[in-house]
1. Taking the chain as the reference, fit the longest principal axis to its C-alpha atoms, fit the long axis of helix 464-476 to the helix C-alpha atoms, and give the angle between the two in degrees, 0 to 90, nearest 10.
2. Only Cα pairs under 8 Å and at least 6 apart count here; give the relative contact order of the chain as a rounded whole percent.
3. Heavy atoms only, probe 1.4 Å: what % of the accessible area of segment 330-411 goes to carbon and sulfur, would you let me know?
4. Of the options HIS450, ILE428, VAL414, report the single residue whose Cα projects farthest towards the positive end of the charge dipole of segment 401-495 (beta-carbon charges: Lys, Arg +1; Asp, Glu -1).
5. State the dimensionless ratio Rg/Rh of segment 463-538 (Rg: radius of gyration of Cα atoms; Rh: Kirkwood radius).
6. With each pseudo-label sitting 7 Å past Cα toward Cβ, what's the TRP173-ALA477 distance in nm, one decimal?
7. For segment 403-482, rounded, prolate or oblate, judged on the Cα gyration tensor with a ≥ b ≥ c (square roots of eigenvalues), a/c < 1.5 rounded, else prolate if a/b > b/c?
8. Given R₀ = 56 Å, FRET efficiency for SER372-VAL561 by Cβ-Cβ distance, to 0.05?
Amino acid sequence: MNKVAPAVIVLSQNSVTLARKIITVLPGATLYGLAGRTCDVDISFTNFGDTLRELFAQGTPLIGICAAGILIRTLAPLISDKRQEPPVLAVAEDGSAVVPLLGGLNGVNDLARRIAEVLDTQAAITTTGDIRFRTALLSPPPEYHLANPEDAKTFISDLLAGEQVKLEGTAPWLSNSQLPIDPKGNLTIQVTERCVIPTANCLVYHPKNIAIAITHPDVTLDLVQALLANADIASAAIAGIFAPITIAAYANIHTIADFYGVPTRFFREDLAAEALALTATGRDGKLLNSLSQIAIAYDGRYAIAISPQPIDPNTIGQPQGRLAIIGTGPGSSQWMSPEVKEILKSATDLVGYKTYLDLVGSLAAGKQRHESDNREEIARATMALDLAANGRYVVVVSSGDPGIYAMATAVFEVFDHHHKPEWDSIDIHVAPGISAMQAAAAAVGAPLGHDFCTISLSDILKPWSIITQRIAAAAEADFAIAFYNPVSKDRTWQLADARDILLRYRTPNTPVILARNLGRPGQTVKVITLDQLTPDVADMRTVIIVGSSQTKIINRIDGSVSVYTPRRYYK
Ligand code: SAH
């Protein structure tokens with residue numbers, strides 16, 4: 001099974017609706033559209049060939065809404081290793097045909113069937129084994145792991161040539177298939193959670209039916225490995241790591257789960273390790289140490305249980321709650337970091353001021369939105385923490401950088417001052433963004449190239465006397481200064497006051513940059529001088545940079561203006 005999320009590629013706007021329909025059955029998939037021909041896509045590309053080859057090389061499953069031939073010709077130079085290649089399939093523009101092309105060993109037929117189902121059509125499956133036996137031995141259902149894929153090719157050829165197979169252990173997907181099952185067969189398929197040494201005429205599948213319960217944060221990976229080795233359990237048979245929510249934030253538990261590539265799931269109930277393991281396996285489960293052949297001593301910190309069927313961990317308990325506080329950059333999506341885009345794709349809930357949520361665009365599709373007024377920061381932060389404590393993946397959206405006059409601080413303030421014990425289980429992460437001053441500086445050159453500071457002119461959260469003191473100190477220290485929140489409907493005189501303080505230390509012709517709606521429709525960037533700085537030239541969507549004594553203006557030959565602050569002081 002391929003773990004990378006698929007890319008759906010469209011070349012014209014006609015195909016966008018079909019692509020979105022396909023994406024409904026491919027969680028996490030990204031819609032790629034040819035620039036100039038498509039809009040409302042997740043990622044625009046200009047070069048089809050390079051984009052496709054790059055995605056293929058990264059192992060991304062590819063679904064092209066285009067002719068099969070285009071995909072084959074584009075990828076031909078890269079097709080060399082069928083074990084490595086991701087699924088590639090072509091879907092007809094009218095949704096009438098779904099054609100798996102490559103990636104037979106990585107689940108392309110299953111992917112094709114899933115897409116065909118949502119499009120109400122048939123997948124064009126051409127793999128002999130798959131058709132004859134109605135099952136793909138090489139890509140079993142996700143809750144089974146094939147231990148010896150290297151033996152499968154010959155094994156399947158032998159079956160196609162007429163050999164019979166003996167089934168040891170239970171797996172409905174095998175017993176309900178059209179495999180030639182016969183207890184006297186020369187070939188064997190073994191379904192077991194035990195470590196067995198596979199041979200060429202025996203395929204071994206490990207069902208994910210082992211639950212590891214851990215109730216103490218000091219249980220280490222080494223210990224778990226030793227327990228499993230002792231019990232002769234294959235690591236591919238582990239379904240998940242289960243624990244009380246109170247230890248969700250500790251690292252060991254996640255190290256163990258990551259090592260085995262399985263989810264961590266948490267319980268609110270206060271259960272002992274044995275009870276917890278048995279809750280995970282369900283009522284037919286058994287503790288490993290109750291099975292006579294295994295000697296394993298439980299010390300109250302852990303327990304291992306086995307279920308007769310595979311366990312779907314995603315239906316048991318809850319995941320660890322996650323709270324990501326992200327910055328989208330000032331506006332357009334080119335200024336949003338790849339990390340932030342990744343987080344937005346995986347999240348379940350978005351919390352933020354409506355305007356900022358709108359800036360996220362199509363990345364917000366399908367998520368629960370919790371919009372609020374820009375002033376309700378404390379309520380917003382509390383709601384985000386509460387949602388995350390319930391196992392949601394919550395993203396708090398700020399514009400620019402989340403740590404600069406934005407929501408990251410509000411979340412930590414609430415966490416600190418209004419603390420609730422259930423918040424201790426949350427994984428909190430801050431993902432940076434490009435701040436307005438950086439975008440403003442870049443738009444004109446390099447005015448922040450030497451020492452600088454930022455000052456918010458908003459006196460809602462701090463007294464004006466502190467602000468004036470800071471402006472004077474920054475001016476005296478000869479910092480370039482970025483002013484945030486310069487003017488609002490209710491705060492108009494502050495900017496004139498700030499200018500008058502600055503004029504005590506700077507010449508009237510000091511360069512000043514007014515940058516409004518950066519990265520958004522209607523962006524303007526103007527360079528004026530300090531004596532021209534009046535409240536009517538700025539608003540809440542403007543960031544202002546005032547130069548230091550050294551800041552220079554360059555008048556370019558084309559009439560444009562660049563501003564920079566030199567890296568050294570000239571005598
Ligand atoms: N976290 C944001 C700042 C939020 S405070 C950041 O790092 O950029 C809000 C102030 O930021 C606004 O009053 C304005 O001064 C500035 N600002 C935010 N986005 C802006 C944009 N796109 N263009 C110009 N200024 C912006």
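The values are calculated or read from the model by the stated rules, or taken from the named source; none is laboratory data. Quick caveat: nothing in here was measured; it's all calculated off a predicted structure. No Cβ is skipped: glycine too gets one built from the backbone with ideal geometry, and neighbour counts run over all protein chains shown. The accessibility values were calculated without ligands, DNA or RNA, using every heavy atom of the protein model including side chains. Shrake-Rupley method; radii C 1.70, N 1.55, O 1.52, S 1.80 Å.
1. Here the helix axis deviates by roughly 80 degrees.
2. On the way: 1195 pairs, mean separation 44.5, N = 571.
In percent, rounded to a whole number, it is 8.
3. Values: 1700 of 3400 Å².
In segment 330-411, the share of accessible area belonging to carbon and sulfur is 50 percent.
4. Of the options given, the answer is HIS450.
5. Details: Rg = 12.7 Å, Rh = 13.2 Å.
Here the Rg-to-Rh quotient is 0.96.
6. Label at TRP173, label at ALA477, 6.2 nm between them.
7. Because a/c hits 1.5 or more and a/b fails to exceed b/c, segment 403-482 counts as oblate.
8. Numbers: r = 39 Å, r/R0 = 0.70.
It comes to 0.90.
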